[in-house]
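The values are calculated or read from the model by the stated rules, or taken from the named source; none is laboratory data. What you see is a predicted model, and the numbers here were worked out from it, not measured in a lab. Positions of Cβ are generated from backbone atoms using ideal geometry, with glycine treated the same way; all protein chains shown enter the neighbour counts.
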Amino acid sequence: MTTCTAPHKIVLAGGGLAAQRCAETLRREGYHGAIQMVCAEPHAPYDRPPLSKGLLDGSRAGGTLAFRPPAWYADHDVELLLGVAAAALRTRERILVLADGRELRYHRLLIATGSRPRELRLLGHRRNVSVLRTVDDGLALRDALEEAESVCVIGAGFIGQEVAATARRRGCAVTMVEAAAQPLAGILGSHIGAWFAGMHRAEGVDVLTGRTVQAVRGNGSVTGLDLSDGCRLDVDHVLVGVGVAADVGWLAGSGLTRDAGVPVDWCGRTAAPHVFAAGDVAATMDPETGRWQSGSHWEAAARQGARAARTMLGIDPGPPVPAGFWSDQYGIRIQYVGRAAPGDAVAIDGDPEARDFSATFSRGGRAVAVLLVNRPRSLPAARALIEKGTT
Amino acid sequence: MTLTVMIDEAACAAHGDCVDVAPSVFALGDIAEVVGTGPDDLLLAAAEACPSAAIVLLDTDSHEQLYP
């Protein structure tokens, strides 16, 4: 194939993990052309997992989260455009339009704009209501936790749970409100969800499940929340952790989005020629449900960014690796590999009471996911089990 | 006892936690690389910090796998 010339200008729309890994892989694979990285935040790419843990408990400073020192970008000839968001895409002309009106022409484009936290309209933008996505969100929340005696976490996903755990360790009184009957029930089922609720209760968190916020007291700042069961909470600070939505608003009209993400194939290619997507914004087909799923995790974003880079350069990215994620709470390491769904059979090995167990999820006799609680040594075997079960 | 440290290349996702724990032993390229040595307790701390359980520790003499 000779009609397609080698790319000599690659634009990365986004400045998170997926874009960073894409840039690193492009250089490592010998690409010498231009790379422009468009970062909506005023910071060079940094690592987000510590935002809900180390940054929040004070063990990590905000300046230590950068993936690479500033000199790395000059040394590798990666042009950072900081504090400017991607605003529109014109695929026919191969032009990315930025929020300040600049137009960047590309030979290859990576869409890696990530996701935004969902907000609760009821709470609006009050002074003591936080979401957690950026380092600036994290620093603001850390300062708020210094002052706050009582914290309400709305949503018992992993972000909500990690913030609850860190706030608890900092001595705050913590209430966690979850609309579902158990935390994470939609992913891990109610049995495992109940275990997570129990862990937080044992650490002193007031876990209120099957309830939503009905009314908010206070004007400039929230002073209290009234729940759907009539329960009234007084709070100093509120964290909203009710999930994320892919940041695809800027792609309206591009024809590239579907089910609130950008569908990609196993190499990260989108429906438009020369346009790729990776990370939270990319939606992959779940063969079990036949639906596009976005909202990936750290490891998936890292691998997808590198895979897209190789595909851009015409290099076989190799077979995909089963996705996994991890969470650290109260000194407990929680690891998960595969993808479970409600209704899967769950087999427990070990002692959940002692916070030392594995849960294997299976469907039709095949293992589809494994959750490990304080069993890091079992991860390689769990990964092998899922790989075997899904191929 | 001395430990030999290796990276499970298929498992490593370049989280970088090993570099944070033991910068004299690990460096981050496409994935983590072993670039030095350190005391056994430091190697074990790095292995335990890896979210992907991609650091393999062997007994140098017997080649018995001690982690993960």
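Brief remarks on what is shown
Each row is one residue, and each column tells you yes or no for (1) part of a strand (DSSP E or B); (2) of a type in the set (Val, Ile, Thr).
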site	(1), (2)
A:Ala197	no, no
A:Arg211	no, no
A:Val216	yes, yes
A:Val222	no, yes
A:Asp226	yes, no
A:Val242	no, yes
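- Among the residues of the range A:361-372, just one is within 14 Å of chain B (Cβ to nearest Cβ) and either at pLDDT below 95 or farther than 15 Å from A:Asp344 by Cβ (or both), namely A:Leu372.
- Test for A:Ala300: is it in contact with a Phe, Trp or Tyr (Cβ under 9 Å, 6 or more places away or on another chain), crowded, with 16+ Cβ neighbours inside 10 Å, within 14 Å of another protein chain (Cβ to nearest Cβ) and assigned to a helix (DSSP H, G or I): yes
- Within the range A:177-202, residues that are within 13 Å of A:Phe158 (Cα to Cα) and in contact (Cβ under 8 Å) with a residue 12 or more places away in the chain reach partners that are assigned to a helix (DSSP H, G or I) and of a type in the set (D, E, K, R) with beta carbons closer than 9 Å, at six or more positions or on different chains, in the pairs A:His200/A:Arg168.
- Of the residues in the range A:278-285, none is within 11 Å of chain B (Cβ to nearest Cβ), more than 29 Å from A:Gly204 (Cβ to Cβ) and part of a helix (DSSP H, G or I).
- Residue within the range A:12-23 that is within 21 Å of A:Arg116 (Cβ to Cβ), in contact (Cβ under 8 Å) with a residue 40 or more places away in the chain and surrounded by fewer than 20 Cβ atoms within 10 Å (Cβ to Cβ) present: no
- Count of the range A:65-84 residues, restricted to those that are of a type in the set (Asp, Glu) and free of Cβ contacts under 8 Å to residues at least 12 places away in the same chain, is 1.
- Number of residues in the range B:29-47 that are at the interface with chain A (Cβ under 9 Å from one of its Cβ atoms) and crowded, with 17+ Cβ neighbours inside 10 Å equals 1.
- The numbered conditions (1) touching an Asp or Glu at 6+ places or on another chain (Cβ under 8 Å); (2) of a type outside the set (S, T, N, Q); (3) farther than 21 Å from A:Asp328 by Cα are all true for A:Arg169 except (3).
- Scanning the range A:177-195 for residues that are closer than 19 Å to A:Val163 by Cα, assigned to a loop (DSSP other than H, G, I, E, B) and among the aliphatic types (A, V, I, L, M) gives A:Ala179, A:Ala180, A:Leu184.
- Spans of helices (runs of 4 or more DSSP H) in the range A:1-118 with at least 3 residues within 14 Å of chain B (Cβ to nearest Cβ): A:17-28
- Within the range B:1-28, the set of residues being within 12 Å of another protein chain (Cβ to nearest Cβ), among the β-branched types (Val, Ile, Thr) and buried (at least 21 other Cβ atoms within 10 Å of the Cβ) is empty.
- Residue ID - nearest to the chain's Cα centre (by Cα), chosen from residues in the range A:80-96 that are surrounded by fewer than 14 Cβ atoms within 10 Å (Cβ to Cβ) and either among the polar types (S, T, N, Q) or under 22 Å from A:His274 (Cβ atoms) (or both): A:Arg90
- Top-ranked residue in the range A:330-360 [being touching a Gly at 6+ places or on another chain (Cβ under 8 Å) and among the hydroxyl-bearing types (Ser, Thr, Tyr); ranked as modelled with the highest pLDDT]: A:Ser358
- Candidate set from the range A:43-79 (those that are of a type in the set (Gly, Ala, Ser) and surrounded by fewer than 18 Cβ atoms within 10 Å (Cβ to Cβ)); member that is nearest to the chain's Cα centre (by Cα): A:Ala66
- Candidate set: the range A:313-346, residues that are over 17 Å from the mean Cα position of the chain (by Cα), of a type in the set (A, V, I, L, M, F, W, C) and in a loop (DSSP other than H, G, I, E, B); chosen: the one farthest from the other protein chains (Cβ to nearest Cβ): A:Ala341
- Contacts under 6 angstrom Cβ, first residue in the range A:238-260 being surrounded by fewer than 23 Cβ atoms within 10 Å (Cβ to Cβ), partner of a type in the set (Phe, Trp, Tyr), 6 or more apart: A:Arg258/A:Trp292; A:Asp259/A:Trp292
- Complete set of residues in the range A:347-391 that are part of a loop (DSSP other than H, G, I, E, B) and in contact with a strand residue (DSSP E or B) (Cβ under 7 Å, 6 or more places away or on another chain): A:Arg355, A:Asn374, A:Arg375
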